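Engineer: Right, I'll just put the structure down here and ask away after.
The values are calculated or read from the model by the stated rules, or taken from the named source; none is laboratory data. Keep in mind that this is a model prediction, so the values were computed, not measured. Here the Cβ positions follow ideal geometry from the backbone for every residue, glycine too, while neighbour counts run over all protein chains shown.
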Amino acid sequence: MYHAGIRAAQSEILTNHGLLQFKEGGFSTSVTTSPKGVDFTVNDGASAVSSPPIWAMGFKKGQTYVLEKDGAYFESRLSFFTKINSLNITPGQSPEVPEDVESALGRKMGIDEAERCFSCHTTAAVTSKVFESEKATPGVTCEACHGPGAAHVASMTGHDLEQATAIMNPADLSPSDSVDFCGACHSTWADVVETNRQIGLAEIRFEPYGLEQSRCWGTSGDARITCVACHDPHQPLVREPSAYDSKCMACHGVTTESKRAHTAKTVCKVAASNCVTCHMPNSPWCNGPEFGMALCVA
């Protein structure tokens, strides 16, 4: 999460790729990085429009750029995908060929949308209810999840044990609140349902929704299948499928009748390991590249 957002000039992806290019219809897009900065340009042969990316959102699977033009924020039409090592259309944007160079550059964001974007990818972009992206701290840092830490630091420095808990601890939340807490950025069940989203491949990245829709969730949730039951927010994301086998077997390796341990082969007739490769598969995203998000399908 520390790499969720960074100033474009400091992006390793852009620094390592001095020139990125993409063509669709009659439009040619180039992203050029040099010691002078980063430039995002679209050309249709007759005219061109440019804008400097100010922020790069994302790191591992892909990276989308926030452009600033004429005092407004734009989500870049193209994103960099690490799986294909090149640019492609940003998830959520229309696959149709743009009508003009302005549309090919990116999609204009309203101030509310921009605020939500920065609130999830950076820390302290909004302070005292004022949105100031230029003052944001890159990435998701401690205070993004735990809240202001000054009182906590002061209490610990002064050995004031009565005030040692003067900070938010998400581990104390109920299962439902815990998933909603993570869903503040990863999209809650309500975010999907109340906005009447059409559920399908485009929603594969909304993990909290999929989790609460699973048959295991129950009426009030289950602490064994919250986000943090499988993912440690203080550690880099584990990408080895077999590493999650023990998490799966913590629930599926015991029968409700006898509580006796089963072998994985008894629970699943197909395989004894790498459970998530079948039950939480990666899915194709954006004309080919795999975005790598998972949604429980069992």
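Engineer: Those residues that are at pLDDT 70 or above and either among the aromatic types (F, W, Y) or surrounded by fewer than 15 Cβ atoms within 10 Å (Cβ to Cβ) (or both), I need them from the stretch 185-212; list them, please.
Structural biologist: Within the stretch 185-212, W189, A190, V193, E194, F206, Y209 qualify.
Engineer: Please indicate, with yes or no, whether at least one residue in the stretch 81-100 is within 16 Å of A9 (Cβ to Cβ) and out of contact with any Asp or Glu (no Cβ under 6 Å at 6 or more places or on another chain). Spell out how you get there, then give the answer.
Structural biologist: Applying the first criterion (within 16 Å of A9 (Cβ to Cβ)) to the stretch 81-100 yields none.
Within the stretch 81-100, none of the residues are within 16 Å of A9 (Cβ to Cβ) and out of contact with any Asp or Glu (no Cβ under 6 Å at 6 or more places or on another chain).
Engineer: Select from the stretch 1-26 the residues that are of a type in the set (D, E, K, R) and farther than 16 Å from K83 by Cα and list them in ascending order.
Structural biologist: Step one: list which residues in the stretch 1-26 are of a type in the set (D, E, K, R), which gives 7, 12, 23-24.
Residues satisfying the conditions are R7, K23, E24.
Engineer: Same structure, new question: Taking the stretch 16-29 on its own, how many of its residues are within 20 Å of G58 (Cβ to Cβ) and either hydroxyl-bearing (S, T, Y) or in a helix (DSSP H, G or I) (or both)?
Structural biologist: 2
Engineer: Which helices (runs of 4 or more DSSP H) sit wholly inside the stretch 102-180 and have at least 2 residues that are touching a strand residue (DSSP E or B) at 6+ places or on another chain (Cβ under 9 Å) and within 26 Å of P208 (Cβ to Cβ)? Please lay out each step first, then the result.
Structural biologist: Values: elements: 111-121, 142-146, 150-157.
Answer list for the stretch 102-180: 111-121, 142-146.
Engineer: Scan the stretch 108-119 and tell me whether some residue there is surrounded by 13 or more Cβ atoms within 10 Å (Cβ to Cβ), among the aromatic types (F, W, Y), modelled with pLDDT of 90 or more and assigned by TED's automatic domain parsing to the domain that holds V49.
Structural biologist: yes
Engineer: Moving on to the next point. So if I check each of A171, A104, which one is in the same structural domain as H186 (by TED's automatic domain parsing) and aliphatic (A, V, I, L, M)? Spell out how you get there, then give the answer.
Structural biologist: On the way: A104 fails: in the same structural domain as H186 (by TED's automatic domain parsing).
Every option except A171 fails the conditions.
Engineer: Considering only residues that are in contact with a His (Cβ under 8 Å, 6 or more places away or on another chain) and part of a strand (DSSP E or B), which ones fall in the stretch 1-15? Full working, then the answer.
Structural biologist: To start, the set of residues in the stretch 1-15 that are in contact with a His (Cβ under 8 Å, 6 or more places away or on another chain) comprises 4-5.
Correct list: G5 only.
Engineer: Based on this model, can you work out whether P98 counts as part of a loop (DSSP other than H, G, I, E, B), surrounded by 15 or more Cβ atoms within 10 Å (Cβ to Cβ) and at pLDDT 90 or above? Reasoning before the result, please.
Structural biologist: On the way: part of a loop (DSSP other than H, G, I, E, B): yes; surrounded by 15 or more Cβ atoms within 10 Å (Cβ to Cβ): yes; at pLDDT 90 or above: yes.
Against the criterion (part of a loop (DSSP other than H, G, I, E, B), surrounded by 15 or more Cβ atoms within 10 Å (Cβ to Cβ) and at pLDDT 90 or above), P98 qualifies.
Engineer: Against the condition farther than 26 Å from R116 by Cβ, hydrophobic (A, V, I, L, M, F, W, C) and at pLDDT below 95, how does A9 come out, does it pass? Please lay out each step first, then the result.
Structural biologist: Values: farther than 26 Å from R116 by Cβ: no; hydrophobic (A, V, I, L, M, F, W, C): yes; at pLDDT below 95: yes.
When the stated conditions are applied, A9 does not pass them.
Engineer: Considering the stretch 25-40 alone, what residues qualify as being crowded, with 16+ Cβ neighbours inside 10 Å, out of contact with any Pro (no Cβ under 7 Å at 6 or more places or on another chain) and under 28 Å from F118 (Cβ atoms)?
Structural biologist: To start, the set of residues in the stretch 25-40 that are crowded, with 16+ Cβ neighbours inside 10 Å comprises 27-33, 38, 40.
If we keep only those that are out of contact with any Pro (no Cβ under 7 Å at 6 or more places or on another chain) too, we end up with 28-33.
Passing the criteria: T29, S30, V31, T32, T33.
Engineer: Would you check which residues across the stretch 227-275 are part of a loop (DSSP other than H, G, I, E, B), modelled with pLDDT under 80 and among the polar types (S, T, N, Q) and list them?
Structural biologist: T255, T256, S258, T263 - these are the residues of the stretch 227-275 that are part of a loop (DSSP other than H, G, I, E, B), modelled with pLDDT under 80 and among the polar types (S, T, N, Q).
Engineer: Out of the residues in the stretch 213-246 that are in contact (Cβ under 8 Å) with a residue 24 or more places away in the chain and among the acidic types (D, E), which is surrounded by the fewest Cβ atoms within 10 Å (Cβ to Cβ)?
Structural biologist: Here the residue is D222.
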